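Asker: Before I ask anything, here is the structure I am working with.
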Ligand code: LMR
């Protein structure tokens, strides 16, 4: 009888061990924007590819729209291992202590995706991601969103129009300086709180690429949207380093492949998604779109450009210069 109990017990243990061995590895991928955005679609694409290439050995759970964590909390959750993958905007590495990433927030630093890509796909991009490792974070890829528009309940055509307006920004000292440069009052705030803050008048205006503006319905509570292209917003896809390094080598390789394909996809759709979002804002008739004249644009550049100097000790003078060199940016031509 005793022997039988032992055998049954052993069989049960073996069975549960086998069941355990078949449990998929779960990757929780959390982010703060809507599903129908370049980042949201990129995350869904990664889920599909990762599960396909690992033949189900990995299960990716995507949490869109701050449903799991808000801005600040998600970084902490990644470091603690409560989530495995995030794609925060580059500015959000500043509060983590890697201030160099705020270089991407400098106003009028990039005119288009090609210039940006030269930086992110080259040695500068790689060396920036490397800086995350001391924080227990591994940077896998850069994903685009796009160039930003500026919105408010009054038309923003000239730098003077910003005077005294409370403008929501992400948690970035560079963006804070950018808003102060036009005499606005910057308000750092989590992305998930922006719509309500605009609706209730806690803030007067904000900036973001059209895809974020539209999918959060910000255009419904902002009367004017200026097509200023005054700055860039993009992401780094990051993972908890200990988790990633601890994956079986074959699975890690499959996930690296999935990430490579997802990066190509996300960066391919970013511009189209933003163009479509802008069209949708226009069609909604809820916000008036403002195109700046060449003169007005020049005045914005002139007013905001001093931020490059002001912030050079924070983000690194050499880094700024190396980006100018890479993109062919010439401050003298502003
Ligand atoms: C913001 O906070 O405005 C953006 O970083 C949101 C995002 O992730 O695109």
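The values are calculated or read from the model by the stated rules, or taken from the named source; none is laboratory data. Remember, predicted model here, so these are calculated numbers, not experimental data. Counting neighbours? That spans all protein chains shown, and the Cβs are built from the backbone with ideal geometry, glycine included.
Asker: Which number in (1) buried (at least 21 other Cβ atoms within 10 Å of the Cβ); (2) within 19 Å of the chain's Cα centre (by Cα) marks the one condition that residue 133 misses?
Answerer: So the condition that residue 133 fails would be (1).
Asker: Looking only at the range 246-260, decide whether some residue is under 21 Å from the mean Cα position of the chain (by Cα), farther than 30 Å from residue 50 by Cβ, at pLDDT 95 or above and assigned to a helix (DSSP H, G or I).
Answerer: no
Asker: Can you list the helices (runs of 4 or more DSSP H) lying wholly within the range 20-129 that have 1 or more residues being closer than 26 Å to residue 230 by Cβ and away from the ligand (no atom under 16 Å from the Cβ)?
Answerer: 113-120
Asker: Do any residues in the range 279-296 that are on the phi < 0 side of the Ramachandran plot have Cβ atoms under 6 Å from those of residues that are in a helix (DSSP H, G or I), where the two are at least six apart or on different chains, and which pairs are they?
Answerer: From the range 279-296, the pairs are 280/214; 281/214; 281/219; 286/219; 286/220; 287/219; 287/281; 289/282.
Asker: Tell me yes or no: at least one residue of the range 263-278 is outside any helix (DSSP H, G or I) and within 15 Å of residue 85 (Cα to Cα).
Answerer: no
Asker: Here is a further query. Out of all the residues in the range 190-201, which are closer than 17 Å to residue 222 by Cα and either surrounded by 15 or more Cβ atoms within 10 Å (Cβ to Cβ) or touching a residue at least 40 places away in the same chain (Cβ under 8 Å) (or both)?
Answerer: 191, 192, 193, 194, 195, 197, 198
Asker: Need pairs with beta-carbon distance below 6 Å; first residue at pLDDT 95 or above and within the range 74-92, second within 7 Å of the ligand (Cβ to nearest atom) and assigned to a strand (DSSP E or B); sequence gap 6+ or separate chains.
Answerer: Close Cβ pairs (under 6 Å, with a partner that is within 7 Å of the ligand (Cβ to nearest atom) and assigned to a strand (DSSP E or B)) amount to 87/235; 89/233; 89/235.
Asker: What are the pairs, 6+ residues apart or on separate chains, where a residue within the range 171-185 that is assigned to a helix (DSSP H, G or I) has its Cβ under 6 Å from a residue that is within 13 Å of the ligand (Cβ to nearest atom)?
Answerer: Short answer, once both residue conditions are applied: 174/102; 174/105; 175/105; 175/169; 176/186; 179/167; 179/186.
Asker: So which residues in the range 138-168 are more than 16 Å from the ligand (Cβ to nearest atom), in contact (Cβ under 8 Å) with a residue 24 or more places away in the chain and either surrounded by fewer than 23 Cβ atoms within 10 Å (Cβ to Cβ) or on the phi > 0 side of the Ramachandran plot (or both), if there are any at all?
Answerer: 138, 140, 153, 154, 155, 157, 158, 159, 165
Asker: Limited to the range 232-251, what total is found for residues that are surrounded by 14 or more Cβ atoms within 10 Å (Cβ to Cβ) and away from the ligand (no atom under 16 Å from the Cβ)?
Answerer: Adding up the residues that qualify gives 7.
Asker: Read through the list (1) crowded, with 22+ Cβ neighbours inside 10 Å; (2) more than 26 Å from residue 176 (Cα to Cα), then give the number of the only condition that residue 104 fails.
Answerer: (2)
Asker: Which of the residues that make up the range 216-231 are within 18 Å of the chain's Cα centre (by Cα) and more than 15 Å from the ligand (Cβ to nearest atom)?
Answerer: Residue satisfying the conditions is 229 alone.
Asker: Among the residues of the range 204-215, which ones are in contact with a strand residue (DSSP E or B) (Cβ under 8 Å, 6 or more places away or on another chain) and within 12 Å of the ligand (Cβ to nearest atom)? Even if it seems obvious, please write down each step before you answer.
Answerer: From the range 204-215, those in contact with a strand residue (DSSP E or B) (Cβ under 8 Å, 6 or more places away or on another chain) are 204-213; that's our starting set.
206, 207, 208, 209, 210, 211, 212, 213 - these are the residues of the range 204-215 that are in contact with a strand residue (DSSP E or B) (Cβ under 8 Å, 6 or more places away or on another chain) and within 12 Å of the ligand (Cβ to nearest atom).
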